[in-house]
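Trainee: Before I ask anything, here is the structure I am working with.
The values are calculated or read from the model by the stated rules, or taken from the named source; none is laboratory data. Keep in mind the model is a prediction, meaning the values are calculated, not measured. Positions of Cβ are generated from backbone atoms using ideal geometry, with glycine treated the same way; all protein chains shown enter the neighbour counts.
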Amino acid sequence: MSTLEFNQSLISNTDYLKPFAMTLTRDMESAKDLIQETLYRALTNREKYNAGTNIKAWLYTIMRNIFINNYRRHAKENTIFDNTPNDFLLDYNQFTTTNEAETNLALKNIRAAIHQLPDIFKIPFELYFEGYKYHEIADMLTEPLGTIKSRIHFARKLLKLQVARC
């Protein structure tokens, strides 16, 4: 296949690439970039094309591989795309500091709220909070499983109310 024939077959198959690029990217500008990159790679790798084979399938494969590689590359970069008109890439790994005093106060309020719960709710809740399963708590307290589940549920509701007041 001559260079002229190859180039003409690329141009004639460009219209078939547009819908496929749109389904991959879901963005017109990204689809145009993907088509351009696909055609560029097809031209640079012309010697790898076997004359007489399906050129459309070859182009689809190139496009799909480019899309997958770009997706993986962007996934490795910890950046988020800002859709403002300026189209900035924001660094996702921003440093933040925690306010330990505020966290300690919140924990203190939660512990106080747990301590104020009636024993009927507090004991199953604390056991569940320590990591015991519902059926283990039911066996320890010799209560039915449904009773334990409902007591833990009510303990959560009471805690939400008490913490919200603080």
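Trainee: Collect the residues in segment 143-166 that are of a type in the set (K, R) and either in a loop (DSSP other than H, G, I, E, B) or within 15 Å of I110 (Cβ to Cβ) (or both), keeping them in residue-number order.
Mentor: R156, K157, K160, R165
Trainee: Sticking with this one: Within segment 112-142, restricting attention to residues that are assigned to a loop (DSSP other than H, G, I, E, B) and free of Cβ contacts under 8 Å to residues at least 12 places away in the same chain, which residue is farthest from V163 (Cα to Cα)?
Mentor: T142
Trainee: Name, by its number, the condition in (1) over 30 Å from K18 (Cβ atoms); (2) at pLDDT 90 or above that does not hold for Y60.
Mentor: (1)
Trainee: Report, by residue number, each residue of segment 1-59 that is assigned to a helix (DSSP H, G or I) and basic (K, R).
Mentor: Matches in segment 1-59: K18, K32, R41, R46, K48, K56.
Trainee: Return the residue satisfying two criteria in turn: it lies in segment 108-148 and is among the basic types (K, R) and over 32 Å from the mean Cα position of the chain (by Cα), and of such residues it is surrounded by the most Cβ atoms within 10 Å (Cβ to Cβ).
Mentor: Residue satisfying both the conditions and the ranking: K122.
Trainee: Determine whether segment 93-105 contains at least one residue that is under 30 Å from E37 (Cβ atoms) and at pLDDT below 90.
Mentor: So far as segment 93-105 goes, yes, one or more of its residues are under 30 Å from E37 (Cβ atoms) and at pLDDT below 90.
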